[in-house]
Amino acid sequence: MEIPLRILDAHTHLSGSESGESAELILLCLDTCGIDKAFIFAPLIDSRSDQLTVQHIEDVRAHNTYCASLCSTAPDRLIGFCVLNPAPGLASGSVARATDLMIEEVRRCYHELGLRGVKMVPAGWYPDDPEVLRLYRVIAELGMYTIFHVGIFLDGREGKYCRPAFYEGVHQVTGLRVQLAHVGWPWVDEALAVLAMETELHGQDPANWQLRADLSFGPPDDWQLTTWQKAIDSVPPGMLCYGSDVFWPKSPREYREQYLQPQFGLFEVAATNSHIIPEGDPKRAEVRQKIFYDNAWAHFQAAVHVPQRPVASERPIATPHANLGKH
Ligand SMILES: [Zn+2]
């Protein structure tokens, strides 16, 4: 009897209207590679956060509208995430005012666009800034799920804002459910220490944890297996999620060769080396299923009270300032 593996890719990026991506191409890739669902982030803006100005607020809105419209093609499979950024430059240097703008935007994303996910990349503001916590409270009240970039950017953006320990601020907002990306590379030890505190704070039931992590991208080649190994050895496997960090569009071959197959390999080797989930043991299949689907979906559902209803835009959305595939 064949036991099908369900797969959810918990970390993928749209590149914007100029890249030729479409819901149909993404779905073709998912179907060919056996992926059930993907978390789909609105395009990032192709400027450093410290270069954002008041004009970019229109880009933030357009990108979120674009994401909802694309995901409306298959709302059960393409799970849309707005990108929010309370960067002070968006509001003449004020984090407080920028937070107000993002509160307004997240309400629009929930009520008018039907989105239930939020992606944020702290830069120019810290994730535990008391002003920004106001935004998190609104996100939790609405019933939305949050993914944060954690760690250094490989293109030299401002990684200092994204150290794992700053995300302990999440604990100040009851009900917020957060996925920390990249296991915080290069601060993997710090990210795992923060994750390990979840059981101290919230107990052993995964339903109560506020933080989980995705294993996407991040570590350079020599650290990839070490990162998987430390993660599997150090925190409950219920805290870890598969993510590719792909920038759409990608051919099925590219997706499988560059992301899915290598991540499978890393999981299997790390699981064998762990000596706690041996080859052939039923627990291996159980843990694989959790990491490649169940963990991210359960965490998402713990935050989201009403399923997403992404809205199709009546006209094509231009995204001239989208980041086409860098970080
Ligand atoms: Zn990413």
Q: Being under 19 Å from Pro43 (Cβ atoms) and either open to solvent by 40 Å² or more (accessible area, probe 1.4 Å) or touching a helix residue (DSSP H, G or I) at 6+ places or on another chain (Cβ under 6 Å) (or both) is the filter here, so list the residues in segment 84-100 that pass it.
A: Leu84, Pro86, Ala87, Leu90
(Q) Condition (residue is outside any helix (DSSP H, G or I), more than 24 Å from Pro4 (Cβ to Cβ) and within 16 Å of the ligand (Cβ to nearest atom)) applied to segment 261-277: is it met by at least one residue? (A) no
Q | Members of segment 293-318 found to be under 24 Å from Gln263 (Cβ atoms) and charged (D, E, K, R), listed by number | A | Asp294
Q: Among residues belonging to segment 58-74 that are within 16 Å of His321 (Cα to Cα) and either assigned to a loop (DSSP other than H, G, I, E, B) or β-branched (Val, Ile, Thr) (or both), point out the one that is most open to solvent (accessible area, probe 1.4 Å).
A: Thr65
**Q.** segment 236-259 - residue that is within 19 Å of the chain's Cα centre (by Cα) and more than 16 Å from the ligand (Cβ to nearest atom) and, of those, nearest to His11 (Cα to Cα)
**A.** Leu240
Q. Among (1) within 16 Å of the ligand (Cβ to nearest atom); (2) over 19 Å from the mean Cα position of the chain (by Cα); (3) among the aliphatic types (A, V, I, L, M), which single condition is Ala285 missing?
A. (1)
Q | Scan of segment 269-278 for residues that are among the aliphatic types (A, V, I, L, M) and open to solvent by 80 Å² or more (accessible area, probe 1.4 Å), ordered by number | A | Ile276
Q | segment 146-175, residues that are out of contact with any Leu (no Cβ under 9 Å at 6 or more places or on another chain) and of a type in the set (Ser, Thr, Tyr) | A | Tyr161, Thr174
Q.
Looking at (1) closer than 30 Å to Val173 by Cα; (2) assigned to a helix (DSSP H, G or I); (3) of a type outside the set (A, V, I, L, M, F, W, C), which one does Glu257 not meet, given that it meets all the others?
A. (1)
Q. Counting only residues that are of a type in the set (Ser, Thr, Tyr), farther than 21 Å from Asp189 by Cα and within 16 Å of the ligand (Cβ to nearest atom), how many does segment 121-161 have?
A. 2
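Listed here are the residues, each with its yes/no results for (1) more than 28 Å from Thr32 (Cβ to Cβ); (2) crowded, with 20+ Cβ neighbours inside 10 Å; (3) of a type outside the set (A, V, I, L, M, F, W, C).
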{"site": "Thr226", "(1), (2), (3)": "yes, no, yes"}
{"site": "Pro236", "(1), (2), (3)": "yes, no, yes"}
{"site": "Val246", "(1), (2), (3)": "no, yes, no"}
{"site": "Tyr255", "(1), (2), (3)": "no, yes, yes"}
{"site": "Phe267", "(1), (2), (3)": "no, yes, no"}
{"site": "Gly280", "(1), (2), (3)": "yes, no, yes"}
{"site": "Phe292", "(1), (2), (3)": "no, yes, no"}
{"site": "His299", "(1), (2), (3)": "no, yes, yes"}
{"site": "Ala302", "(1), (2), (3)": "yes, no, no"}
(Q) Which residue is farthest from the ligand (Cβ to nearest atom), if the candidates are limited to segment 33-56 and must be open to solvent by less than 20 Å² (accessible area, probe 1.4 Å) and either of a type in the set (Gly, Ala, Ser) or under 21 Å from Val132 (Cα atoms) (or both)? (A) Leu52
**Q.** Those residues of segment 143-157 which are modelled with pLDDT of 95 or more and surrounded by fewer than 19 Cβ atoms within 10 Å (Cβ to Cβ), in sequence order
**A.** Gly143
Q: Please note which strands (runs of 3 or more DSSP E) are completely contained in segment 75-157 and include at least 3 residues that are touching a Cys at 6+ places or on another chain (Cβ under 8 Å).
A: 78-84, 117-120
Q. Can you name every residue in segment 16-38 that is in a loop (DSSP other than H, G, I, E, B) and more than 16 Å from Thr319 (Cβ to Cβ)?
A. Gly34, Ile35, Asp36
Q: Report yes if Pro220 is open to solvent by 10 Å² or more (accessible area, probe 1.4 Å) and within 16 Å of the ligand (Cβ to nearest atom), otherwise no.
A: yes
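The values are calculated or read from the model by the stated rules, or taken from the named source; none is laboratory data. Remember, it's a predicted structure, so these values are computed and weren't measured experimentally. Cβ coordinates were reconstructed from backbone atoms using ideal geometry, including for glycine residues, and neighbour counts include every protein chain displayed. Protein only, heavy atoms only, side chains kept; ligands, DNA and RNA dropped before computing areas. Shrake-Rupley method; radii C 1.70, N 1.55, O 1.52, S 1.80 Å.
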